[in-house]
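First up is the structure itself, then whatever we jot down about it.
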Amino acid sequence: MQALVDAIRQQGEILPGGILKVDGLINHQLLPHLTREMGETFARHFAPHTPTKIVTIEVSGIAPAIATAITLGVPMVYARKKRPVTMKEPIFTAQSVSRTKGGVVDLFVSSEFLGAGDRVVVIDDFLASGGTLRALAGMIAQSGAQLLGIGCVVEKQFESGREKLADLNVPIHTLANIVRMSEAEGIVVEAGH
């Protein structure tokens with residue numbers, strides 16, 4: 001997705017600890033035309049798999065996930081990071097480590113909205129080490145739903161998350177690939193795959 005690649009080149013920043021700051025595009029401020037194009041691109045890629053639900057994690061995954069769900073005409077479910085009192089048992093839970101949050105994050109999905117018979121595509125903002133996506137895939141497995149594929153807006157290719165998720169045996173589609181990033185070279189980004 002060339003528009004996303006160009007936007008990352010123009011606005012992306014490298015922060016200490018290997019963090020890529022793109023919050024002017026997807027994590028804090030959203031660009032509606034770019035978000036819509038992300039959803040349309042993911043929908044074209046995953047439509048042949050006939051998903052019945054799009055699943056993501058709050059907060060940064062919601063925008064590309066809802067754009068995808070709207071395009072496909074299916075519901076979107078997001079894993080909560082705090083269990084609300086309204087969430088009925090049984091629930092599906094997992095933990096993931098978040099570098100941007102600085103610790104372990106608990107994830108919760110209600111069995112009211114995800115279960116056996118659902119055909120799920122996961123859409124999220126980043127694929128880095130793969131830990132958060134693995135946690136989400138575990139919750140989908142707990143529910144009895146079928147994981148059809150994973151779509152991520154940005155992949156940090158050099159962190160090998162894709163390889164760490166290979167045993168899930170599902171297609172992984174990304175829109176922008178960070179090949180490498182350093183103070184000396186800046187952000188080397190190309191269209192995803």
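Listed by position, the strands (runs of 3 or more DSSP E) inside the stretch 99-193 whose residues that are surrounded by 22 or more Cβ atoms within 10 Å (Cβ to Cβ) number at least 2 are 103-110, 119-127, 146-156, 172-182.
Yes/no matrix, rows are residues, columns are (1) under 22 Å from GLY149 (Cβ atoms); (2) in contact (Cβ under 8 Å) with a residue 60 or more places away in the chain:
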| site | (1), (2) |
| --- | --- |
| ASP23 | no, no |
| PRO32 | no, no |
| THR41 | yes, yes |
| ALA47 | yes, no |
| LYS81 | no, no |
| THR86 | no, no |
| ILE91 | no, no |
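Scanning the stretch 1-12 for residues that are closer than 21 Å to SER182 by Cβ and free of Cβ contacts under 8 Å to residues at least 40 places away in the same chain gives ASP6, ALA7, GLN10, GLN11.
Return the residue satisfying two criteria in turn: it lies in the stretch 72-95 and is polar (S, T, N, Q) and under 20 Å from the mean Cα position of the chain (by Cα), and of such residues it is surrounded by the fewest Cβ atoms within 10 Å (Cβ to Cβ). Only one residue fits best here, namely GLN95. Please go through the stretch 109-147 and pick out each residue that is within 13 Å of TYR78 (Cβ to Cβ), hydrophobic (A, V, I, L, M, F, W, C) and over 16 Å from the mean Cα position of the chain (by Cα). Those that are within 13 Å of TYR78 (Cβ to Cβ), hydrophobic (A, V, I, L, M, F, W, C) and over 16 Å from the mean Cα position of the chain (by Cα): PHE113, LEU114. No other residue among HIS49, HIS33 is in contact with a strand residue (DSSP E or B) (Cβ under 7 Å, 6 or more places away or on another chain) and modelled with pLDDT of 95 or more apart from HIS49.
Applying the criterion of being of a type in the set (D, E, K, R) and within 30 Å of GLY17 (Cα to Cα) to the residues of the stretch 105-130, the residue that is modelled with the lowest pLDDT is ASP106.
Applying the set (1) surrounded by fewer than 20 Cβ atoms within 10 Å (Cβ to Cβ); (2) closer than 22 Å to SER96 by Cα to GLN10 leaves exactly one unmet item: (2).
Return yes when SER96 is in contact with a helix residue (DSSP H, G or I) (Cβ under 7 Å, 6 or more places away or on another chain) and part of a loop (DSSP other than H, G, I, E, B) and no when it is not. So SER96 fails the test. Answer yes or no: is there a residue in the stretch 136-148 that is more than 22 Å from ARG44 (Cα to Cα), of a type in the set (Ser, Thr, Tyr) and modelled with pLDDT under 95. There is no residue in the stretch 136-148 that is more than 22 Å from ARG44 (Cα to Cα), of a type in the set (Ser, Thr, Tyr) and modelled with pLDDT under 95.
The values are calculated or read from the model by the stated rules, or taken from the named source; none is laboratory data. Values in this document were obtained by computation on a predicted structure and should not be read as measured data. Note: ideal-geometry Cβ built from the backbone for every residue, glycine included; neighbour counts use all protein chains shown.
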